């Protein structure tokens with residue numbers, strides 16, 4: 001099929017849709033003819049040749065705690081070694097993977113910048129056509145490649161600055177997403193530290209509700225992404241991603257939006273506090289706290305320079321806003337438009353923007369909705385809820401829904417929420433959500449538990465978690481801006 005095949009939405013229409021989308025959604029039939037759809041692991045192995053790629057490995061048996069990237073094993077291997085390993089081969093054919101039995105480990109080549117991976121083959125950049133989504137000039141150069149085995153996953157986290165467009169190329173990935181409003185229920189942590197990400201302390205598939213009791217009220221949206229489909233993940237939506245097929249390949253374009261100046265101050269303060277405390281030598285401060293995706297540790301002087309620059313820029317922006325209020329036209333109620341770099345566009349068309357816009361959900365744009373499980377669904381068996389539909393359907397509609405339930409072991413008194421139980425999974429590109437069951441899991445707390453926690457030793461990480469709590473950082477940001485500007489209290493929102 002030709003690369004210029006008719007798409008359900010034009011580039012301009014898609015850009016407008018993205019501007020108004022407030023929830024995750026799956027775009028259907030937007031990538032017909034994209035050459036990148038031929039990027040299977042086998043094809044990429046031919047293109048990459050003997051170049052070494054860093055793989056992250058983790059054990060398949062979970063421990064009911066997130067497996068952060070700082071706790072994984074790593075190998076550098078050829079892609080042909082990876083493929084041989086997935087086929088059950090051993091010895092020299094699998095290179096460094098020989099130390100990791102395939103039956104016990106998953107592997108993930110994640111965050112691979114296409115611009116670096118194919119720097120000697122720049123023509124491959126053009127095979128990723130994000131311009132169809134209204135991002136003029138954006139292609140594989142601004143994207144990352146992800147290649148994994150079944151079970152490969154990224155810990156649940158939110159991206160601080162941007163939104164994501166994710167194209168599934170080979171195999172399927174299941175996405176578990178939570179709205180920004182549920183952040184406190186995800187128990188955020190800054191250890192391991194990564195400036196652009198905040199991690200959850202909860203294993204969202206097998207949560208420990210005795211440690212994280214509020215998680216049972218978190219609203220999870222789940223969608224299984226199939227080849228050719230594109231998932232849009234809005235800014236600050238939490239997500240946990242797992243590969244569900246033997247080999248998966250996906251391409252991710254992370255789009256940095258115009259970041260609030262107050263948020264930059266908050267991030268600068270967080271970085272200065274985390275680095276200062278974690279670099280201080282102590283008996284309990286020897287953990288591997290810096291995420292592998294973070295580039296080095298800045299000195300305290302550098303971090304304080306960053307704080308001062310962020311505070312200065314924020315104060316100047318507030319000053320400019322005060323000035324603009326005196327010249328602002330109250331009749332101009334048009335929403336801001338952003339270009340491909342995320343910056344606000346000027347000179348919007350007042351006629352077009354004055355018309356109310358409704359996101360055109362339908363067979364070509366599927367919302368990832370949140371809806372509570374009904375009692376009937378919770379009581380049904382997996383066989384009762386399974387309806388097959390073609391994986392290769394190009395015109396999938398909302399009625400082509402494959403619903404599955406893994407709510408086995410009904411005789412157990414479930415001590416923790418299992419997101420696989422009572423799951424409603426839609427067919428290609430269709431999504432579901434279940435609000436975690438609010439059962440009586442938290443009622444089992446005993447006085448012994450309280451006494452044990454009351455006498456627990458406070459560690460450096462415990463202290464740090466309190467210091468960089470979002471509420472604390474917000475208040476510190478307010479105080480810094482007050483001190484810098486000499487003005488009354490500023491309301492900070494990050």
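Observations
- Among residues of the stretch 5-29 that are at positive phi, none has a Cβ under 6 angstrom from a residue that is surrounded by fewer than 16 Cβ atoms within 10 Å (Cβ to Cβ) at a sequence gap of 6+ or on a separate chain.
- Residue in the stretch 105-119 that is surrounded by fewer than 21 Cβ atoms within 10 Å (Cβ to Cβ), assigned to a helix (DSSP H, G or I), touching a residue at least 60 places away in the same chain (Cβ under 8 Å) and in contact with a helix residue (DSSP H, G or I) (Cβ under 8 Å, 6 or more places away or on another chain) present: yes
- Of the residues contained in the stretch 206-217, none is found to be modelled with pLDDT of 95 or more, touching a strand residue (DSSP E or B) at 6+ places or on another chain (Cβ under 8 Å) and in a strand (DSSP E or B).
- For residue 250, the criteria (1) in contact with a helix residue (DSSP H, G or I) (Cβ under 7 Å, 6 or more places away or on another chain); (2) farther than 23 Å from residue 295 by Cα; (3) buried (at least 20 other Cβ atoms within 10 Å of the Cβ) hold in every case but one, which is (1).
- With a requirement of 1 or more residues that are modelled with pLDDT under 95 and buried (at least 19 other Cβ atoms within 10 Å of the Cβ), the strands (runs of 3 or more DSSP E) lying completely within the stretch 135-184 that satisfy it span 153-159, 162-170.
- Members of the stretch 33-66 found to be surrounded by fewer than 18 Cβ atoms within 10 Å (Cβ to Cβ) and part of a loop (DSSP other than H, G, I, E, B), listed by number: 33, 40, 49, 50, 51, 52, 60, 61, 62, 63, 64, 65
- Evaluation of residue 475 against (1) modelled with pLDDT of 65 or more; (2) farther than 30 Å from residue 259 by Cα; (3) surrounded by fewer than 14 Cβ atoms within 10 Å (Cβ to Cβ) (one fails), failing number: (2)
- Boolean, residue 264 is more than 30 Å from residue 27 (Cβ to Cβ), outside the structural domain of residue 21 (by TED's automatic domain parsing), at pLDDT below 95 and surrounded by fewer than 13 Cβ atoms within 10 Å (Cβ to Cβ): no
- On inspection, residue 212 passes the criterion of being surrounded by fewer than 23 Cβ atoms within 10 Å (Cβ to Cβ), within 22 Å of residue 64 (Cβ to Cβ), in contact with a helix residue (DSSP H, G or I) (Cβ under 9 Å, 6 or more places away or on another chain) and in the same structural domain as residue 28 (by TED's automatic domain parsing).
- Test for residue 202: is it assigned to a strand (DSSP E or B) and buried (at least 23 other Cβ atoms within 10 Å of the Cβ): no
- Residues that are in contact with a strand residue (DSSP E or B) (Cβ under 9 Å, 6 or more places away or on another chain) and loosely packed, with under 13 Cβ neighbours inside 10 Å within the stretch 285-323 comprise 288, 296, listed in sequence order.
The values are calculated or read from the model by the stated rules, or taken from the named source; none is laboratory data. Bear in mind that the values here come from a model prediction, so they are computed numbers and not experimental data. Please note: Cβ atoms are built from the backbone with ideal geometry, for glycine as well, and neighbour counts cover all protein chains shown.
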